[in-house]
Amino acid sequence: MKSGSGLNRPSSRILVALLACGLILTGFLTYQAANAERSHRKAAERALHDYASFALWQLNQQSAQELLSSMIATFIVPVTRVDPFNRPGWPTAADFMAAAEKPQIPVKYLDAVRFFFRFDWSDSTITVAGKTPSPRVLEWIRDTVASYPKRFETPEVHTQAFGSADRAPARRLGVVITNDSWVATVDSIDGRLRVVCYVVSRDYDGKPLVTYGFEGDARPFIGPIIEQVLERTPLLPPSLIRTIPRDSILGVTVSAANGAPLFHSMASRFPAQLTARDSLDERFGKLQLAVALRSDIAPRLVVGGLPRSRLPMLAGLFLLAVGLTVGALIQLRRQQQLAQLRVDFVSGVSHELRTPLTQIRLFAELLRNGQLRSEHERERSIGIIDEEAQRLTYLVENVLAFSRSEHGRGAVVAEPVAMDREIEAAVDAFVPLARVRRAKINASIERGLVARVDPRALRQIVLNLLDNAVKYGPLGQTVTISLSARDSAVRICVDDRGPGVPRNEREKIWEPYYRLPRESQSAAGGSGIGLSIVRELVHLHGGRAWVDDAPDGGARFVVEFPRDRTPTRASADVEQQRAVASG
């Protein structure tokens, strides 16, 4: 048997190797699929980020252009042209404010301006027109303007002729302000976020002469500029966004250099990975710009859309493959154990069958050859042959019953049965088998109990319980079988004097082929199917079976059948005879 079991090991190892290879291949394919999905997503996100960067570049360029064209070209530059040789003719702060209030000036960003100022570089005096600023605000403006030469290089100066032609060439030179002379600064002073914008006028040597500017609230000043840019400029190509509204795709945020918010569009909160950030240069107060793409509409900008994460599905498939592989290995292990149990079962049954057959053949040979001379010896030999034949019949019936239950063909034909008579008959049939281990059977039977059972199945159950008790108990023990009534059930108990059954093993012993560890190496034979047949037959009757501790030590095996109140034919005859006798 062992060699046959060994022959299956190479095939089992091959199967395990194939399962392991399948699991490794599944893991590799899962990793490759996850890696491809991750690469695709990163490429799509890079494309979306590039779109956001392009839109940001457009916003940066157009915002600077809007400030320069609207503020400088149409308003500040014409007002701040000065003749360096005619200081009394320079516009005052009031002239600067009056020019801003002219209706023909197309500048709508000055609603937030509180006052205008002129700063003379010769004596660092500053004059104001409009609302009177606080000393702290005035000091901030003076420091900001005075630091201009340190923060900016001297721009290229473009000159223009002023005055009459008879003046000396050097005195006919004035200054036309270049774009490089525009400066805006945003800061928080006196608890308010303020913006100061100014233009520096220079002489022909590039030396600052006078500065004109204004101060106001930063948010009302910056907001309209950005809104104007967004209205006029498509930050993304029309062929890309098609008919989708800009506000449904892009979100724009503008903040000061210190992080204070100045402007945000209606939809400006988007995932950080789809946001591009940049800042304007120092001429525009280092304003921080951010353009983001909406996460739910942004995939429409990518061909094929932004791939959905399939990692949970791939992880689930991999775990499913792992589970199936583990399940297959467990089943393989169980199959191997079952195969070994069947080998042990065949070996045990063969051993059990060989013993009575050997006894039958031995005494049959003695009878046939006339070697038994006395009548007593012949009677004894015939009795042994009969006992061994009964034992052989019992073993064969056990195997057949187990085979039927294994194939799902187990069935019983229940009828009202007088339990006392059937139990006594089974005990009488088992007494010769108990003599082999010098065991005695003590019966305690309650009379008049009826249950709906199959008589043959009941006999099989009682014989198996008695055989189990005798086989695994000590030599010369007394086995007690009892029959009693319990409410609506009929209970059969078989007590032995053996070591008992551990609590953690009391469910396992009813499984086919299972034997307790202490019994698997003992000399007592056994096929391991007797108790499984008992539970199967009891369940077919709608009863139950379990094991407990016996009162005097050892194990108590208990089976219960539903009780039947219908009298049997035999008990009815007895009652009729009693009635006749008494009448």
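Here are a few things to note about the model shown:
- Flag if ASP552 is out of contact with any His (no Cβ under 7 Å at 6 or more places or on another chain) and either modelled with pLDDT of 90 or more or small (Gly, Ala, Ser) (or both): no
- Here PHE116 meets each of (1) open to solvent by 30 Å² or more (accessible area, probe 1.4 Å); (2) of a type outside the set (Asp, Glu); (3) touching a helix residue (DSSP H, G or I) at 6+ places or on another chain (Cβ under 6 Å); (4) at pLDDT 85 or above with one exception, condition (1).
- Residue check, GLY383 at pLDDT 75 or above and outside any helix (DSSP H, G or I): no
- Apart from one condition, ASP217 fits all of (1) surrounded by 14 or more Cβ atoms within 10 Å (Cβ to Cβ); (2) modelled with pLDDT under 85; the exception is (2).
- Near pairs, Cβ below 6 angstrom, 6+ apart or cross-chain, from the range 412-430 (of a type in the set (D, E, K, R)) to any residue that is open to solvent by 20 Å² or more (accessible area, probe 1.4 Å) and not in a strand (DSSP E or B): ASP420/ARG447; GLU422/PRO455
- Among the residues of the range 475-487, just one is touching an Asp or Glu at 6+ places or on another chain (Cβ under 9 Å) and modelled with pLDDT under 90, namely ARG486.
- Some residue of the range 203-213 being closer than 30 Å to ALA129 by Cα and in a helix (DSSP H, G or I): no
- Any hit, the range 488-499, residues being farther than 24 Å from ASP420 by Cα and modelled with pLDDT of 85 or more: yes
- Residue check: THR211 meets all listed conditions (1) of a type in the set (Val, Ile, Thr); (2) closer than 24 Å to ALA52 by Cα; (3) surrounded by 21 or more Cβ atoms within 10 Å (Cβ to Cβ) but one, namely (2).
- Of residues in the range 555-575 being of a type in the set (Asp, Glu) and open to solvent by less than 50 Å² (accessible area, probe 1.4 Å), the one modelled with the lowest pLDDT: ASP564
- Of the residues making up the range 257-280, those that are at pLDDT 80 or above and open to solvent by 60 Å² or more (accessible area, probe 1.4 Å) number 6.
- Scanning the range 47-61 for residues that are at pLDDT 80 or above and surrounded by fewer than 19 Cβ atoms within 10 Å (Cβ to Cβ) yields ASP50, SER53, PHE54, TRP57, GLN58, GLN61.
- Residue match in the range 303-320 (condition: modelled with pLDDT of 85 or more and loosely packed, with under 15 Cβ neighbours inside 10 Å): no
- Qualifying helices (runs of 4 or more DSSP H) (wholly inside the range 432-543; at least 1 residues being open to solvent by less than 30 Å² (accessible area, probe 1.4 Å), in contact with a Phe, Trp or Tyr (Cβ under 9 Å, 6 or more places away or on another chain) and within 23 Å of PRO562 (Cβ to Cβ)): 455-472, 530-540
- Residue within the range 132-150 that is touching a helix residue (DSSP H, G or I) at 6+ places or on another chain (Cβ under 8 Å), farther than 30 Å from VAL252 by Cβ and modelled with pLDDT of 85 or more present: yes
- Residue tally, condition part of a strand (DSSP E or B) and either at pLDDT below 50 or crowded, with 21+ Cβ neighbours inside 10 Å (or both), over the range 169-198: 14
- Residues that are under 46 Å from the mean Cα position of the chain (by Cα), within 13 Å of ALA257 (Cα to Cα) and either modelled with pLDDT under 85 or surrounded by fewer than 20 Cβ atoms within 10 Å (Cβ to Cβ) (or both), drawn from the range 281-300: GLN288
The values are calculated or read from the model by the stated rules, or taken from the named source; none is laboratory data. None of these values were measured; they are calculated from a predicted model. Using ideal geometry, Cβ is built from the backbone for each residue, glycine included, and neighbour counts are taken over all protein chains shown. For accessibility, only protein heavy atoms count, side chains too; no ligands or nucleic acids. Shrake-Rupley method; radii C 1.70, N 1.55, O 1.52, S 1.80 Å.
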